[in-house]
Amino acid sequence: MGAYYLLAIVALLFPLLAVSDVGGSDVDPSWVPIKNLSDPHVIEVAKFAIVQNYKKTGKQFPFRKVAEASYWKQQSEVVKYHLLIYGKSFIPEFPKASASVKENTSTKRMHLDFIGWYGYP
């Protein structure tokens, strides 16, 4: 009889263990880091985000470099980019922007989802 109770408990807990991230990493496996941050397309996406933000807010952001980047292919034709962009300043780490951009790979059209500023007036 005790074996049946043990089997029932394992049967109830198995689905919870199967979907939990026990011992896993904190990184979402669907996001892929971009190693070549000076790639012309990565720079193009970053500058697109800056220009779109300028069109919406009127704030200029002098581009310096892309510090971090990753992408996620959401659908067969949609790629989403997350970028950490540094602007020109006397302080190397500021100002900076975190941007999220979607690109349709078949039409090459981009859309700015979000841009957040750090150390920028």
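The values are calculated or read from the model by the stated rules, or taken from the named source; none is laboratory data. Remember, it's a predicted structure, so these values are computed and weren't measured experimentally. Cβ atoms come from the backbone with ideal geometry, glycine included; neighbour counts cover every protein chain shown. The accessibility values were calculated without ligands, DNA or RNA, using every heavy atom of the protein model including side chains. Shrake-Rupley method; radii C 1.70, N 1.55, O 1.52, S 1.80 Å.
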What pairs come out if I take residues in segment 100-117 that are over 22 Å from residue 61 (Cα atoms) and pair them with residues that are open to solvent by less than 40 Å² (accessible area, probe 1.4 Å) and assigned to a loop (DSSP other than H, G, I, E, B) whose C-beta lies under 6 Å away, six or more apart or interchain? none
Selection over segment 38-52 where residues are part of a helix (DSSP H, G or I), open to solvent by 60 Å² or more (accessible area, probe 1.4 Å) and not aliphatic (A, V, I, L, M) yields a count of 3
So residue 28 clears everything in (1) at pLDDT below 90; (2) of a type outside the set (Gly, Ala, Ser); (3) open to solvent by 80 Å² or more (accessible area, probe 1.4 Å) except one condition, right? Which one? (3)
Subset of segment 53-69 [under 19 Å from residue 38 (Cα atoms) and open to solvent by 80 Å² or more (accessible area, probe 1.4 Å)]: 64, 65, 68
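Okay, residues lined up against (1) within 17 Å of residue 30 (Cβ to Cβ); (2) modelled with pLDDT under 90; (3) in contact with a helix residue (DSSP H, G or I) (Cβ under 7 Å, 6 or more places away or on another chain); (4) open to solvent by less than 70 Å² (accessible area, probe 1.4 Å):
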residue: 71; (1), (2), (3), (4): yes, no, no, no
residue: 77; (1), (2), (3), (4): yes, yes, no, no
residue: 87; (1), (2), (3), (4): no, yes, no, yes
residue: 90; (1), (2), (3), (4): no, yes, no, no
residue: 94; (1), (2), (3), (4): no, yes, no, no
residue: 97; (1), (2), (3), (4): no, yes, no, yes
residue: 101; (1), (2), (3), (4): yes, no, yes, yes
residue: 104; (1), (2), (3), (4): no, no, no, yes
residue: 108; (1), (2), (3), (4): no, no, no, no
Does segment 51-61 include one or more residues that are of a type in the set (A, V, I, L, M) and in contact (Cβ under 8 Å) with a residue 24 or more places away in the chain? no
